[in-house]
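Notes follow the structure.
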Amino acid sequence: METLNQAWQLLVSFDAALMQIVGLSLRVSVSATLIAAIIGIPLGAALAIWSFPLRGVLVVMSTTMMALPPVVVGLAVYLLLSRAGPLGELGLLFTPTAMIIAQSILITPIILALTREAVLPLKREYETLLISIDAGALLKLRTLIWDARYGIMTAWLAGFGRALAEVGAVIIVGGNINGLTRVMTTTIALETSKGNLELAMALGLILLLIAIAINGSIHALGQFGRRYEVTR
Amino acid sequence: MDRKLRLTGAEFHAQGARLFGPVDLSLETSGITVILGANGAGKSLFLALAHGIILPTKGRVNWQDQPAAETRHTRGYVFQNTPILRRSVAGNIALPLAARRFTKEKKAQLLANALSMSKLQDQAHAPAATLSGGERQRLALARAMVTEPEVLFLDEPAANLDPAFAIDLEQSLRNISSGGTKILMATHDLPQAQRLADDVIFFERGQVVEQAPAAAFFKDAKSEAAQRYLGGQL
């Protein structure tokens, strides 16, 4: 109870160290989700709209990568960015940039696969209409992405939630350096093992609140999107 | 202007089976042509081929000596189960304009015309899903007409409509026709066909059995198949 109280004090006093950690967490995960959305949304929609060689392979790959353990992604990015690795000269290992790269790789398949699932039923419904108006490839893509927007925003939020909550990838490529690459999850892991429970609990509470906000938004989006759904 | 439709040995196959044709046919460019025939006779396939939505497996489907699929944008299509986009009424009607290179002003003008023609101005910004069945049919017609096409196709447009809406639709089609747009419509509703048709094409098993002016067809169909069809329905 005493620990919980101290955790609460840290929260309401906007403790500088705490805020720095929360800020970095949000910066890394928002950036990663934006990059993942830029790649994943058009690609996911394209996978739903067009059939091309290797489409099946791409679909299986993206769904498999959804279940990829973050530590494996972390390891792969570590090898890529480490001194001896192919991109070692960039000196990105143990920087927030490395963390953004790792999380982007982790989340892109999620946004891609969920976008594809949101677009697929609409594509079947709209297909002949789009042919009849002589819609080009870009108009098809635009129309279907826009009409699947609530499903796609849900995909984006799901990706963001996963990025914010994962530990494995960021701890490997970020190194959990105090004041530089320490985010909420890695701090919780470290502080708990040190027995410093106040900070860990305060961060845990924030993560919980963010998770509630994300899932509330997903629910609200679903409700709002239903206004546009046709019932016959 | 010559906007003649001509099918030459046109066939459509799916999964190895011939579902349509071979059909040789030419069609004048004014008035309302009603496509009749039992379920599965090939009415919808004919409309889709003539519009250019699907390509013939064999033979040619040409408008003015150009393959139909190359001039799709000059024709509008109202589907039997019209897809309603997840956006506003105006957003639905404006969709075909996005595929065309008109100026912004021209697009706004065409959209305003289509909204007022379909009497949907008041609902322009509401989600299209909130429309009633009859209003959705008006939306589908407005969307097909928004680019001011030369030819309008309708596949059983009145199938799910109350009689009052069907009458309303017929009046709209007459107005469109007298405005110079050629209409091709498939229907099961013989009284409606009699009220609207200038000429009739009757299909059976993917073949054209009879093509005749409406008055002659309904009074005195030549083919046995058409006589059976009319007899069974009236």
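Here are some notes:
- Within region A:43-86, the residues that satisfy the criterion of being polar (S, T, N, Q) and outside any helix (DSSP H, G or I) are A:Ser51, A:Ser82.
- Condition met for B:Leu85 (within 14 Å of another protein chain (Cβ to nearest Cβ) and touching a Leu at 6+ places or on another chain (Cβ under 7 Å)): yes
- Positions within region B:21-41 being modelled with pLDDT of 95 or more and within 20 Å of A:Thr128 (Cβ to Cβ), in sequence order: B:Ile35
- Set A:Leu190, A:Leu129, A:Leu180, A:Leu157: member being modelled with pLDDT of 95 or more and either more than 19 Å from the chain's Cα centre (by Cα) or aliphatic (A, V, I, L, M) (or both): A:Leu129
- Qualifying residue in region A:62-69 (condition: under 27 Å from A:Ala135 (Cβ atoms) and in contact with a Leu (Cβ under 8 Å, 6 or more places away or on another chain)): yes
- Pairs with Cβ under 8 Å, 6+ apart, first in region B:130-141 and touching a residue at least 12 places away in the same chain (Cβ under 8 Å) and facing another protein chain (nearest Cβ under 9 Å), second in a helix (DSSP H, G or I) and of a type in the set (Gly, Ala, Ser): B:Arg136/B:Ala128
- Selection from region B:45-71 of residues that are surrounded by fewer than 20 Cβ atoms within 10 Å (Cβ to Cβ), farther than 13 Å from B:Ala10 by Cα and either at pLDDT 95 or above or among the β-branched types (Val, Ile, Thr) (or both): B:Thr71
- Any hit, region A:138-149, residues being acidic (Asp, Glu), away from chain B (no Cβ under 14 Å) and out of contact with any Cys (no Cβ under 6 Å at 6 or more places or on another chain): no
- Failed item in (1) within 14 Å of chain B (Cβ to nearest Cβ); (2) under 20 Å from the mean Cα position of the chain (by Cα); (3) surrounded by fewer than 21 Cβ atoms within 10 Å (Cβ to Cβ), with A:Val167 passing the rest: (1)
- Neighbours by Cβ (under 7 Å, 6+ apart or cross-chain): first from region B:153-178, over 17 Å from B:Lys43 (Cβ atoms); second modelled with pLDDT under 95 and in a loop (DSSP other than H, G, I, E, B): B:Ala166/B:Ala158; B:Leu169/B:Pro157; B:Leu169/B:Ala158; B:Leu169/B:Leu161; B:Ser177/B:Gly31
- Single residue of region A:123-136 satisfying the filter (without any contact (Cβ under 8 Å) to a residue 40 or more places away in the chain and farther than 18 Å from B:Phe153 by Cα) that is nearest to the other protein chains (Cβ to nearest Cβ): A:Glu125
- Complete set of residues in region B:94-129 that are buried (at least 18 other Cβ atoms within 10 Å of the Cβ), polar (S, T, N, Q) and away from chain A (no Cβ under 14 Å): B:Ser118
- For region B:171-225, the strands (runs of 3 or more DSSP E) that sit wholly inside it and include 1 or more residues that are crowded, with 20+ Cβ neighbours inside 10 Å and of a type in the set (Lys, Arg) are B:182-186.
- Residue list for region A:1-42, restricted to those being part of a loop (DSSP other than H, G, I, E, B) and aliphatic (A, V, I, L, M): A:Met1
- Of the residues making up region B:41-95, those that are within 21 Å of B:Gln137 (Cβ to Cβ) and touching a Gly at 6+ places or on another chain (Cβ under 9 Å) are B:Lys43, B:His51, B:Arg75, B:Leu85, B:Arg86.
The values are calculated or read from the model by the stated rules, or taken from the named source; none is laboratory data. Just so it is clear, the structure is predicted and the values come from calculations on it, not from any experiment. As a convention, Cβ positions derive from the backbone with ideal geometry for all residues, glycine included, and neighbour counts pool all protein chains shown.
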